[in-house]
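The values are calculated or read from the model by the stated rules, or taken from the named source; none is laboratory data. These numbers come from a predicted model, not from an experiment. Every residue, glycine as well, gets a Cβ built from its backbone with ideal geometry; the counts of neighbours run over all protein chains shown.
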Amino acid sequence: MAAGAIGGFIWAVQHRDRGTLNADDIPWREVLPHILPYLGTFFSDAIDWDPLSTRVDLYKGWNDDFVDEQDPWQFCNFMIPGAPSCRFKN
């Protein structure tokens, strides 16, 4: 994220005597006011979604991908199609 890089750079210029630090060692409360204008707004709300409700499989029945329609929250249902760990069938 560019905002984090900008905030880290501003903090490094203001605290030249601290030397090189890991990102976790930089005090985030000092950096946050500099990057807030770049972060924008964040919206979070609960939704009713499962991995199969919006799945578009153009080649259903023609590919080897296993989809567990009985339990939509199985890992294979939202893995990248064709991934090796999803090619098993119960």
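Quickly run through the range 1-47 and pick out the residues that are aliphatic (A, V, I, L, M), touching a residue at least 12 places away in the same chain (Cβ under 8 Å) and exposed (fewer than 13 other Cβ atoms within 10 Å of the Cβ). Don't jump to the end; show me each part of the working.
Initial filter on the range 1-47 (aliphatic (A, V, I, L, M)): 1-3, 5-6, 10, 12-13, 21, 23, 26, 31-32, 35-36, 39, 46-47.
If we keep only those that are touching a residue at least 12 places away in the same chain (Cβ under 8 Å) too, we end up with 2-3, 6, 10, 23, 26, 31-32, 35, 39.
Ala2, Ala23, Leu32, Leu39 - these are the residues of the range 1-47 that are aliphatic (A, V, I, L, M), touching a residue at least 12 places away in the same chain (Cβ under 8 Å) and exposed (fewer than 13 other Cβ atoms within 10 Å of the Cβ).
Among what's in the range 1-55 and is polar (S, T, N, Q) and within 30 Å of Gln70 (Cα to Cα), pick the residue that is modelled with the highest pLDDT. Among them, the one singled out is Ser44.
Just a yes or no: is a residue in the range 10-25 closer than 26 Å to Asn77 by Cα and touching a helix residue (DSSP H, G or I) at 6+ places or on another chain (Cβ under 6 Å)? Break it down into steps so the answer makes sense when it comes.
Residues of the range 10-25 that are closer than 26 Å to Asn77 by Cα, as a first pass: none.
No, every residue in the range 10-25 fails to be closer than 26 Å to Asn77 by Cα and touching a helix residue (DSSP H, G or I) at 6+ places or on another chain (Cβ under 6 Å).
Would the range 48-59 turn up any residue that is in the same structural domain as Gln74 (by TED's automatic domain parsing), among the hydrophobic types (A, V, I, L, M, F, W, C) and surrounded by 10 or more Cβ atoms within 10 Å (Cβ to Cβ)? Checked the range 48-59: at least one residue is in the same structural domain as Gln74 (by TED's automatic domain parsing), among the hydrophobic types (A, V, I, L, M, F, W, C) and surrounded by 10 or more Cβ atoms within 10 Å (Cβ to Cβ).
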